[in-house]
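Worksheet: one structure, shown below.
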Amino acid sequence: MSDSTFNSSTRAYGLSLAVTSVVSGLLVVLKELNEGVLTFMKAITVHHWVTHGLFDVAIFLIIGAVLSKSNQGQGVKIDDECLIKAVTVGFLLGCGIVAAFYLYDTLKG
């Protein structure tokens with residue numbers, strides 16, 4: 001692994017962004033396919049998208065905090081190039097999950 005120019009928090013929260021993007025995309029699909037989940041999320045806040053956003057922020061912060069404290073407080077060991085790829089792939093995968101679901105739903109329907 002080459003030396004990273006990013007600090008431990010940047011690496012941790014970058015990976016958290018990648019994971020949160022995918023989880024958020026999957027949550028969109030889950031809400032659309034499961035009326036019970038959608039109803040539950042509507043009941044928590046004024047709108048299911050508000051709940052969804054709060055869930056995303058919570059997941060992002062929790063994963064980021066855990067990863068930044070990992071490795072005996074030194075954070076995740078990942079080089080810059082791998083981190084940038086992980087963030088890019090995670091973001092695109094999250095977007096792709098949502099786009100593919102709605103495209104499929106539109107075409108079948």
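The numbers here are math on the coordinates, done by the rules we state, and not lab data. Everything quoted here is computed from the prediction, not taken from an experiment. In this analysis, Cβ positions are derived from the backbone assuming ideal geometry, glycine residues included, and neighbour counts consider all displayed protein chains.
Table for the structure above
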| read-out | value |
| --- | --- |
| Most to least packed among 102-109, 78-85 [average Cβ atoms within 10 Å] | 78-85, 102-109 |
| About the Cα centre, charge dipole magnitude for the chain (Lys/Arg +1, Asp/Glu -1 at Cβ), debye | 180 |
| Normalised per residue, the volume of the convex hull around the Cα set of the range 34-89 (Å³) | 108 |
| From the C-alpha gyration tensor of the range 66-106, square roots of 5λ in Å | 32, 12, 4 |
| Rounded D (µm²/s) - the range 1-71, Kirkwood Rh over Cα pairs, Stokes-Einstein at 4 °C, 1.567 mPa s | 97 |
